[in-house]
1. ³J(HN,Hα) across the range 383-395 via Karplus (A = 6.51, B = -1.76, C = 1.60, θ = phi - 60°), whole Hz, x for Gly/Pro?
2. Separation between the Tyr388 and Arg243 pseudo-spin-labels, each 7 Å from Cα along Cα→Cβ, expressed in nm?
3. Once fully extended, how much extra length lies between Ser208 and Ala108, figured as 0.36 nm per residue of separation less the alpha-carbon to alpha-carbon distance?
4. List, in order, the whole-Hz ³J(HN,Hα) value for each residue of the range 133-142 obtained from phi through the Karplus relation with A = 6.51, B = -1.76, C = 1.60 and θ = phi - 60°; use x for Gly and Pro.
5. With a 10 Å Cβ neighbour count serving as the proxy for reagent exposure, in which order, fewest first, do Arg402, Arg333 appear?
6. Cα gyration tensor of the range 161-285, axes a ≥ b ≥ c as square roots of the eigenvalues: rounded (a/c below 1.5), prolate (a/b > b/c) or oblate?
7. Which value in nm describes the separation of the simple spin-label points at Ala320 and Ser233, placed 7 Å from the Cα toward the beta carbon?
8. Can you compute the FRET efficiency between Thr301 and Ala120 using 1/(1 + (r/R0)^6), with r the Cβ-Cβ distance and R0 = 45 Å? Round to the nearest 0.05.
Amino acid sequence: MIRARIAAVGLLLAAAGCEPSRHQPADLVEAGASPNAKILPAPLANETPDLLDASAAEASAKLVSDDYGRLIMSEASQQSPLPLPPATPLPEDTLSSRELPGVTLAAAFRWRDVPQPPKAPEVAAAGIHAAQRLTELTWKVDLAETGRMRVQFTSRALPLPPGSELRARHDVHGEVLLWPALTQYRVVPPGALRTLLGERRVDVTPLSAGSARPVGEGKRLEIDVRKIEMHGSLGALYLELGRVPEAGEGGPLLCRALLEILGVDPKSPECVAGEVPLYASYAWQSGGGVAFEVTSADRRTDLISTDMLMPPPSAAFAAAGLPSAQGGVFLTRDELAAIRAEPLPLPASVDPGAPGEGFVAVNQTDALFYLLVDGIPAVAVPPMSERYVAGPLRGRYVVQWRTFLGESIEPPQTVEMPARLVRSGTDAGATDGG
């Protein structure tokens, strides 16, 4: 019956798509992605209509939406959300315009083992602090009690540009990625969130059931939390789940997303209504890690229901591509120049590949790598690519290569700029972990 229900919903979603002109934009360029970025994951449920049995067809005929856009199914179906098909336009979402109770979170990803700038008279503390604020890895998350989530990318330095959004709903597994200005959307099937955030591509990571154990209770942001450790094939996750009744069915959606990053099936019973993840710390099997921290949680009664449409009516379906990353350089020339009070009188570089000013970041690996300058995210370089970054004055800087999710963290190095900085796939000096 589960297979039949999956097939029925797949047929419904395919049948309910709008005109091809609305859902098939001409430009599907996946800017800033790896060479494998255009590879679509295999559908999780790919039954063809002629394989549907009579019971599945009958079930699909009974699927309708209520005023909140939730699919109305049998009680068993409501308890088992179905996966979003990765390459099929979604039916038009229907939510009546109203204000909803819920919670709004301010959150940020936290990198570990971030190097500090050198201690030298020419280092400008004010410029360093300003650049750190501009590149903080922040999200704004709205969780509606009725079972909707809206994640807004609010940082320059995330793998996807500011104004991008993720949306989810409690009756399906997976998310929808929205372009800035809500012009296009792409389905992110279960298991693909990890590669979307970590590698700027949509490719499904195999999901495991995972295992959880309680590790205590406490408080965070004056909210009672229960603490658990979740273990999966990719590593471990320490999670603090806060009791926030106003979040209702929206709370589990953020929990599901954090588990997906670990490679754990979002059907985990640890994600329950009325609880919100307030802190998460990942430790990868191969070393390294990253944390996710909620810095504020505001209870709301005025979330706008139509802000959580999945997809919104303005967005055209994209079968491939991702929002443009604007070259992956996060700070302007002036903002980078401001991290030094004055240039140093260093001799000219002997490297013929070094530019006249600033640096060239060269990534010779098959993964997306960030380059930090004095602990500040300066640029994200796609696989087998290079980026020129202007701005840093002539002088000495501490640089570090790392992946966004922290699976690979290189030791920091002190370099003289201008410079050509290479992250080699066979670099003996590179180490994973932190």
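1. Residue by residue, the range 383-395 yields x, 6, 9, 9, 9, 9, 10, 9, x, x, 6, 4, x Hz.
2. Here the modelled spin labels are 6.0 nm apart.
3. Working: separation 100, 0.36 × 100 = 36.00 nm, distance 2.59 nm.
Value of the extension gain: 33.4 nm.
4. Computed from phi, the couplings for the range 133-142 are 5, 5, 10, 4, 8, 9, 10, 10, 10, 9 Hz.
5. Numbers: Arg402 25, Arg333 14.
With the fewest neighbours first, Arg402, Arg333 line up as Arg333, Arg402.
6. Values: a/c = 1.94, a/b = 1.34, b/c = 1.44.
Judged from the Cα gyration tensor, the range 161-285 comes out oblate (a/c at least 1.5, b/c at or above a/b).
7. Distance between the two pseudo-spin positions: 2.7 nm.
8. The value I calculate is 0.30.
We did not get these values from a lab; they are worked out from the coordinates using the rules stated. Just so you know, these numbers come straight off a predicted model, no measurement behind them. Neighbour counts run over all protein chains shown; Cβ positions are idealised from the backbone, glycine included.
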